[in-house]
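Shown next, in C-alpha cells, is the structure this report addresses.
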Amino acid sequence: MAITEKFVGQSVLRKEDASLLTGQGSFVDNLTLPGMLYLAVVRSPFAHARIVKVDVSKAREMPGVVGAWSGEELAGEWAGPLPMVWPITEDIKTSDHWPITRDKARFQGDGVAVVVAESRGIADDAAEVVAVEYEQLTPVLDLEEGAKDGSPLVHDELGTNAVVHWSHGGGGDQGVFDNAPVQLRLRYEAPRITPSPIEPRGALASVVPAMGEFTLWTSTQIPHIARVTLSGTTGIPEHKLRIVAPDVGGAFGAKLNVYAEEALCLALARRTGRAIKWIEDRSVSYAVTAQGRGVIHDVEVAATEEGKLLGFRVKELADMGAYFQLLTPGIPELGGWVYMGPYDTQGYWYEFTGVMTNKAPTDAVRGAGRPEATYVVERAVDALARHVGKDPAEVRRISFAPSHAEAKPSLMGLQIDSADYLPAFERALELADYDQYRKEQGARRESGEVKQIGIGLSSYIEMSGLAPSNILGALRYAAGGWEAAQVRCQPSGKVTLNIGTSPHGQGHDTVWSQIAADELGVHPDDVEVLHGDTSISPLGMDTYGSRSISIGGAALVVALQKIKDRARTLAAHELEVAEDDLEFRDGAFRVQGAPEKVRTIPELAASAWTAHDLPDGYEPDLTAIATWDPKNFTWPFGTHVCIAEVDTETGATHLLRYVAVDDCGVVMNPAIVDGQVHGGVAFGIAEALYEEILYDEAGNLVTGTLTQYLVPSAVEMPAFELDRTVTPSPTNPLGVKGIGEAGTIAAPPAVVNAIVDAVSHLGVTDVGKPATPERVWNAIREARGGGA
Amino acid sequence: MARVSVTVNGNAREAEVEPRTLLVYFLRETLGLTGTNVGCDTSSCGACTVLLDGESVKSCTLLAVQVEGREVTTIEGLATDGEMHPIQDAFHRNHGLQCGYCTPGMIMATASFLKETPDPTDEQVRESLEGNLCRCTGYQNIVKSILDAAGTMSGAKA
C-alpha cells in the first residue's frame, strides 16, 4: 500500500540517534583491528628552527616499538606533497608541504619524526626519547611585519612571506569612495580561532599487502576528496584506496582537510604491513589542526549624509600560517563576494594579501571567509549610523537591496539567486522588542546605571552551496562542485540511497529519507541512506560550505525523478495503458478515470527485479543514479538581534536576548534547521566573546588546551529565539538554501555591535574580538580619557 | 601490572592493567565499552562522564585502580531491556544531539543531576552542564531535553 503521508517540511525525528544515544557509535577511536599499531608524531617545540639532526635510535630500542623514522628517512614514501587544491592566482608562491618536515620546523607542533609501537602509551613514551637537534630561527608572527621586505622567511625559497595577492577586481563606480558625502575609514581585526569539534581528529589505516589494498577510516568531512588527494601523496593507486568516514564527532571545517597524519597512517601501514592508528589529543589538535580567521581589514565605507550605503572598499591581510593546507589561500576569497552585505551599493572593491607565518596553518572554519566579511560590513554599518547620528536600524532599512525571486547580478560579479531582506529584518526587530529596548537603553543612560543595555544588529547575506563547477574552474579550484545520489528500490519494497555528501551531525540520513519517501510513496523508515565510504558511495564531493541539501538534495531529486520515469514505463506496461494515462498521486501510479488500477513503487520494484515481464529493452532492477551541478550558489540571508547588558565597572557582558530570523528558502526539516542555527549562533557567540588562539612573542601556543581556549558551556549561552522567512531559491528543485553556517556568519557582529552600543554613550566606538571583560573595560577606560 | 575488580553495568569485571591506565581507557580498551568518549586531555569537556556508585565523574580523572570494588555505570548500561532510558528518549525527541560525540557524557551527567534535582529550572540545568561541552547544539535542545526528561521521570514516579 502506498504511503500518502508527506514528510518533507515535518520535524521528523532523526534516524541517526539510536546508536549515538546508546554508546554504539562508530567513531574512529572505537575501531580496533588485529595487530594494530599506534602512531605518535614527534613535534617541534619551536615555532621556527632549522633541523640539524634527528636521532631516533633510542626510540627504536624501546620494547614494543616497531619503528621510528625521521622526515628524511620517510622521504621515499611520498609520491607528492600534501595537497593544496586552490592555487587562486597564476603567480601564487607555493612550496611543497611534506607529511614530516625535513629541513625546518615552521610552527610549534610541526612534525619532525614518527614512532609506531604496540600501544598508545609506548608510542608516546618513545616519541619522548627521539632526540632532535634544532637551530632556532627568528619566527614570523606579526602579519604586517611579516609581509615586509627583509622579514625572516617562513619558506626561504619563496623569497617573501606575502605569497599571494588576490583582487576581486572591483565592481560598479569606484568614484563613490572619493566623492561620497560620507567617507569612513575603519580597521577591524579578527583573531585566530580553532574549530574544536568535541571529537578530535583520528585515523586508522589497514593494508592487505598481497593485494596492495588500503582502507583508511578517518574522522573527515571529505572522504572523496581525501581519496584522490591521498592517492597523490602516498602513491597508492586510487582504485586500491578506500576511504571511510565513520561516525564523525563534529568537524566545523577542522576535518575539511587532508592532513599529514592520514598520509602517515597509510604510508606506515605500507611500510610495516600492519594496521596503524593515530588519535589526536586535544592539545595536539589546538597546536596543529587548521585554524581559522586571523585577519586584519582596512575598510572604506561610502555613504550619503542620511546614512544610505554607497559602497565598501576592503583590503585584507590574511594569516596563512606555516603551510598551505587543502584550501588555505582560497578562504579569504570566499568572503570576497559578500562585502556588500544585503545592501544596495554603487561601488565594490575587495583585495587580500596572504601572509605566511610561523603558526599553525589556517583554513576553513565554519563560515570560512564569510564570517570575516560579515563582521566587517556589519560593524561598519553601525559605525556609519553613529557617524551620521541615525539609529542603526534606520541605516539598514534605507540601504537594503530590493527583493527579487529570480537570480539577479550583483556588483561583486556573481548573481544572487533570490532575496527579500526587509521582512526578515522587520520580523527580527519585532520579535526582539527593538523599540522597547531602545527606550530602556535611554532610561538607563539617563539614570547612569552601572549596567547598560546595548542592541546589536546583524543583517547578513551568505554565499552557500559550494559550488557551480564552472565558477570553481574560473577561480582556479582543482575540482568540481557537483553532487551525486544513487537510488535503488529493493525487491522487498525498501529503498537504498547512496549519497555523495558526508554528514557529521547534520542529519542527512533523516532528511534524505524524507525527500525519497515523499517522492516514492514509502515511509522514511523504509529508506536507508549510505554515505561516507568511497566503496559504497563512490561518487560525491562531500560536506562543507553549506552545500549538502542544496546540491546533494538536488541530485537526489533528479535520481528520484529518473526512478519515477522508469517506474511509470513499467506501470503502463503492466496496466496496459499509455504512460500519459497514468498520474502519480497519493504515493502510487493510478490510471486516470480508473482509480482501481494502481501500481505502487514497491510493487514495480519487485517486477523490475524479477524481470519476468518487462517491456522490450527495459533494463532490469529499479535503480537510478544522478549528479547535479548547480547553476548558482544559494544565498541565505537574515537579521539577528542581540540584546546585551554590559557592566561598565567590570566590563562583563551578559546576553539578555538573542533573536535570529533566517531565510534559508524552503525548509525540509524545521527541527534540524533550528538545530543548525542554534549551533551556528553559539559558534559565533563564542567567537565574539570567548575564543582566541594566542601565541607568545616566541611563537609558543599559549591557548593549547581547553583550560585556556574557552569553548563556552551551557552557562554562557543564552536561549535563542528563532523565526524564519521563506524565499525559495530558484537554484535547485527543492527551493532550499544552506543553513549550516548562517548563525556563525551573523552572530559575531550582532554581539559586538550590542556591546559597543551599550557603551557608545561613554565614547566607545570599538571593542576588539573576542570582547572579553578586560577588552571592554579597557575600551571604556580609554574612552573616558584613560587612567584607572 | 595491577589487578582491578569492578562492577560495570551490573556485571563483575576483572582485568590486569598498567597502573597508569585511566578509568576511561580501562572501559574503552580493556572492557571494549567504547560508548564513553574522550574529547580532551584536561578533564574539561565531559565527554567521558560515567556514574561511579551512582554519581557522575569524568572517567579521565580517575585511574582504573582507584575504582577497585566499586560500581560503574556507562552509557551502555542505561537502557533496560532494549528500552531507552527516559533521558535518552528525551534527547531523541527534542533533537538534543547532532554529531553525538558529547552525548553519552551529557546523558550520564544528566542521570546523576536529575537524581539530585528532580524538578530543575532552566538555569539549574545549564549550571549542571558546566563541565560538559557540546559544539553542535548551542545547548538549547540539550537543556530542553533535560527539562523534558525531568518531567517524564517525575511523572513516572508520581
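The values are calculated or read from the model by the stated rules, or taken from the named source; none is laboratory data. Being a predicted model, the structure only gives us computed values, none of them experimental. Positions of Cβ are backbone-derived with ideal geometry, glycine not excepted, and every protein chain shown enters the neighbour counts.
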Legend entry - Close pairs (8 angstrom Cβ cut-off, 6 or more residues apart or separate chains): closer than 23 Å to B:L114 by Cβ in the stretch B:50-68, basic (K, R) and in a loop (DSSP other than H, G, I, E, B) anywhere: B:L52/B:R70; B:D53/B:R70
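I need a count of the residues in the stretch A:488-531 that are small (G, A, S) and within 19 Å of the chain's Cα centre (by Cα). Reasoning before the result, please.
Of all residues in the stretch A:488-531, those small (G, A, S) come to A:492-493, A:500, A:502, A:505, A:507, A:513, A:516-517, A:521.
Subsequent filtering for residues that are within 19 Å of the chain's Cα centre (by Cα) retains A:500, A:502, A:505, A:507.
Of the residues in that region, 4 qualify.
Does A:E462 satisfy the criteria of being buried (at least 19 other Cβ atoms within 10 Å of the Cβ), of a type in the set (D, E, K, R) and either in the same structural domain as A:R397 (by TED's automatic domain parsing) or closer than 17 Å to A:F637 by Cα (or both)? Step through it out loud before you land on a result.
Working: buried (at least 19 other Cβ atoms within 10 Å of the Cβ): yes; of a type in the set (D, E, K, R): yes; either in the same structural domain as A:R397 (by TED's automatic domain parsing) or closer than 17 Å to A:F637 by Cα (or both): yes.
Yes: the conditions hold for A:E462.
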Legend entry - Matching residues in the stretch B:137-158 - criterion: being more than 27 Å from A:I198 (Cβ to Cβ) and buried (at least 23 other Cβ atoms within 10 Å of the Cβ): none
Legend entry - Residue check for A:M36: modelled with pLDDT of 95 or more, surrounded by 21 or more Cβ atoms within 10 Å (Cβ to Cβ) and either closer than 25 Å to A:I236 by Cβ or not assigned by TED's automatic domain parsing to the domain that holds A:G354 (or both): no
Inset, instruction - Spot the failing condition for B:T73; the list is (1) surrounded by 23 or more Cβ atoms within 10 Å (Cβ to Cβ); (2) assigned by TED's automatic domain parsing to the domain that holds B:N9; (3) among the β-branched types (V, I, T), and only one is missed. - result: (1)
Inset, instruction - Please report, ordered by residue number, the strands (runs of 3 or more DSSP E) entirely within the stretch A:541-613 with at least 2 residues that are touching an Asp or Glu at 6+ places or on another chain (Cβ under 6 Å), buried (at least 17 other Cβ atoms within 10 Å of the Cβ) and at pLDDT below 95. - result: none
Legend entry - Filter result (among the hydrophobic types (A, V, I, L, M, F, W, C), buried (at least 24 other Cβ atoms within 10 Å of the Cβ) and outside any helix (DSSP H, G or I)) within the stretch A:223-256: A:I236, A:I243, A:A245, A:V248, A:A251, A:F252, A:A254, A:L256
Inset, instruction - Would you check which residues across the stretch A:614-652 are crowded, with 19+ Cβ neighbours inside 10 Å and among the aromatic types (F, W, Y) and list them? - result: A:W628, A:F633, A:W635, A:F637
Inset, instruction - Looking only at the stretch A:148-157, decide whether some residue is more than 23 Å from A:R313 (Cβ to Cβ), touching a residue at least 40 places away in the same chain (Cβ under 8 Å) and hydroxyl-bearing (S, T, Y). - result: no
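Specify which of the listed residues (A:A671, A:A688) is in a helix (DSSP H, G or I) and surrounded by fewer than 24 Cβ atoms within 10 Å (Cβ to Cβ). Write out each step before concluding.
Numbers: A:A688 fails: surrounded by fewer than 24 Cβ atoms within 10 Å (Cβ to Cβ).
Result: A:A671 is the single residue among A:A671, A:A688 that is in a helix (DSSP H, G or I) and surrounded by fewer than 24 Cβ atoms within 10 Å (Cβ to Cβ).
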Legend entry - Unique match (being in contact with a strand residue (DSSP E or B) (Cβ under 7 Å, 6 or more places away or on another chain), crowded, with 22+ Cβ neighbours inside 10 Å and under 29 Å from A:R201 (Cβ atoms)) among B:T21, B:T36, B:T30: B:T36
Inset, instruction - Scan the stretch A:133-169 for residues that are closer than 30 Å to A:A302 by Cβ and buried (at least 17 other Cβ atoms within 10 Å of the Cβ) and report the count. - result: 6
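Restricting attention to strands (runs of 3 or more DSSP E) lying wholly within the stretch A:135-215, give those where 3 or more residues are more than 30 Å from A:S231 (Cα to Cα) and in contact with a helix residue (DSSP H, G or I) (Cβ under 9 Å, 6 or more places away or on another chain).
Details: elements: A:162-167, A:182-193, A:202-208.
In the stretch A:135-215, the matching strands (runs of 3 or more DSSP E) lie at A:182-193.
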Inset, instruction - For residues that are in contact with a His (Cβ under 7 Å, 6 or more places away or on another chain) and not hydroxyl-bearing (S, T, Y), scanning just the stretch A:504-545, find the one that is farthest from A:L204 (Cα to Cα). - result: A:A517
Legend entry - Matching entry among A:G740, A:G735 (being in contact (Cβ under 8 Å) with a residue 60 or more places away in the chain, assigned by TED's automatic domain parsing to the domain that holds A:A373 and on the phi > 0 side of the Ramachandran plot): A:G735
Inset, instruction - Would you mind telling me which numbered condition in (1) in a helix (DSSP H, G or I); (2) within 14 Å of chain B (Cβ to nearest Cβ) A:N753 fails? - result: (2)
Legend entry - Hits in the stretch A:323-340 (condition: of a type outside the set (G, A, S) and assigned to a loop (DSSP other than H, G, I, E, B)): A:Y323, A:F324, A:Q325, A:L326, A:L327, A:W337, A:V338, A:Y339, A:M340
Legend entry - Residues of the stretch A:354-405 that turn out to be polar (S, T, N, Q) and in a loop (DSSP other than H, G, I, E, B), as a count: 4
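Just to check your reading of the model, which residue among A:L31, A:L13, A:L21 is closer than 22 Å to A:V511 by Cβ, in contact with a Leu (Cβ under 9 Å, 6 or more places away or on another chain) and within 11 Å of chain B (Cβ to nearest Cβ)?
Details: A:L31 fails: closer than 22 Å to A:V511 by Cβ; A:L13 fails: in contact with a Leu (Cβ under 9 Å, 6 or more places away or on another chain).
Among A:L31, A:L13, A:L21, only A:L21 is closer than 22 Å to A:V511 by Cβ, in contact with a Leu (Cβ under 9 Å, 6 or more places away or on another chain) and within 11 Å of chain B (Cβ to nearest Cβ).
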